[in-house]
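The values are calculated or read from the model by the stated rules, or taken from the named source; none is laboratory data. A quick note: this is a predicted structure, and the numbers were derived from the prediction, not measured. Cβ: placed from backbone, ideal geometry, glycine included. Neighbour counts: every protein chain shown. For accessibility, only protein heavy atoms count, side chains too; no ligands or nucleic acids. Shrake-Rupley method; radii C 1.70, N 1.55, O 1.52, S 1.80 Å.
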Amino acid sequence: MRIFDVFSKRPEASAKPNHEVPPSTRNRVLLWCRELYSNSRSDFGSVGRGDYNSEFWQEIHRRLLLRTGRLQLSQSDQPQNFTEAIGYVLNCRGDEFLNFLEDIFSAECFFQVNLGETKVVDELNALLRQDNLPYHVTHFVQETVQETSGAHAGHTVTYTRAYPKVIMKESDVLHANAVAPALTVLQRPHFRGANSEYLAALEDYRKGDFGDCLTKCGSSFESVLKVICDRKGWRYNQSDTASALIKIVLPNTNLGAYFEQLLIIVATLRNKLSTAHGTGTAIKQPSRHLAQYALNATASAILLLAQETGEY
């Protein structure tokens, strides 16, 4: 049922009444997609031979029918085939086109043309920037493990834990220098839990749940601290809060002790302003700009500690 877990169905899609995607972007993406699925780009790191455009558009056609609940995509009396999916994608609502961006990477035949390389997603994001669209596509989250049992015992196997998703970005400067680099760090398999929490914080921000946004920012940061401790072999208790974890991690970096107060701000915001604790008679209603600050502070803190501990 992954085909229903798409941008238009997620809370952040409702943050804007309309998602405008101009014809120029749609045309560029379809031209790029044709090159990808034809295995004609050696710099894409193609893994197979042959043209998979037909298989790809047949699957897109099936997905569109299921999502729209229709028996056909157009009003034509002509026999229905996958080519009508191309026309639909070129003329559909903007949020539906953003769904299609995610479909590009989750189609069953995708791994016939690429292994989920970062470069492919980066190139699609570059196409979106040509028209200054406020959207960003996240990377694959993949994990390579050595199997010890089953049919693949003794072999190294790579599993895809999460597929690229479309998210909205608030500011190009902040996104480029804080959020995007943090998302790159969090795509590593060992940060999978922290990645889910941070993406959930972004979604809460888009739909206006600023208290929940602060809660998930704090949870993501705390998860990163615990993962770093686990990977470095630094002892801690599962019940330790961010404050205690920072005291464990900080002395093992080149950062001065004064960074403790700078890093703890993420946890302080969660404790003071979020919905993580009971509000009593005082209702906590953090503002949008405070939530935005928390997102950027969390991203910066994650990036800083990942770089300092060699987990970047």
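For the options His139, His61, His152, a Gaussian network treatment of the chain with springs between C-alpha atoms closer than 10 Å singles out His152 as fluctuating the most. Close amide H partners of Thr241, meaning residues 5 or more places away or on another chain with modelled amide H under 5 Å apart, do not exist here.
What a 1.4 Å probe finds exposed on the chain is 50% carbon and sulfur by accessible area, rounded to a whole percent. The residues Tyr205, Tyr52, sorted by heavy-atom accessible surface at 1.4 Å with ligands and nucleic acids left out, run Tyr52, Tyr205 from largest to smallest. The candidate values are (1) 1.06; (2) 1.03; (3) 1.01; the one derived from this structure for Rg/Rh (Cα atoms, Kirkwood Rh) carries the label (3).
With a Cα cut-off of under 30 Å and a minimum spacing of 8 residues unless on different chains, the lysine pairs in region 203-312 number 16.
Angle of helix 118-129 to the longest C-alpha principal axis of the chain, folded into 0 to 90 degrees and rounded to 10: 80°. Distant-in-sequence amide contacts of Tyr135, defined by a placed amide H-H separation under 5 Å and a gap of 5 or more residues or a different chain, comprise Lys169.
Evaluating 6.51 cos²θ - 1.76 cosθ + 1.60 at θ = phi - 60° for every residue in region 210-216, the Karplus couplings come out as 5, x, 5, 4, 5, 4, 6 Hz, glycine and proline recorded as x.
Which of the aspartates and glutamates could a cross-linker bridge to Lys9, judged by Cα under 16 Å and excluding same-chain residues fewer than eight apart? Within the straight-line limit of under 16 Å, Lys9 reaches these aspartates and glutamates: Asp95, Glu96, Glu102, Asp103, Glu203, Asp204.
Please report, in debye to the nearest 20, how large the charge dipole of the chain is about its Cα centre when each Lys and Arg carries +1 at its beta carbon and each Asp and Glu carries -1 there. Don't skip to the end; give the middle numbers.
Working: 33 positive and 34 negative charges, 122 e Å.
Result for the chain is approximately 580 debye, rounded to the nearest 20.
Accessible-area rank, largest first, for Lys226, Lys16: Lys16, Lys226, with all protein chains present and a 1.4 angstrom probe.
The angle between the Cα long axis of helix 288-308 and the main principal axis of the chain comes to about 80°, on a 0 to 90 degree scale. The string of couplings for region 61-72 from the Karplus curve (6.51, -1.76, 1.60, θ = phi - 60°) is 4, 5, 5, 5, 4, 5, 5, 7, x, 9, 9, 8 Hz, one whole number per residue in order, with x for Gly and Pro.
For Gln142, the amide hydrogen comes within under 5 Å of the amide hydrogens of Arg161, counting only partners 5 or more places away or on other chains and with H modelled in the peptide plane. For Leu31 and Arg67, a Förster radius of 22 Å and the Cβ-Cβ distance give a FRET efficiency of 0.40, rounded to the nearest 0.05.
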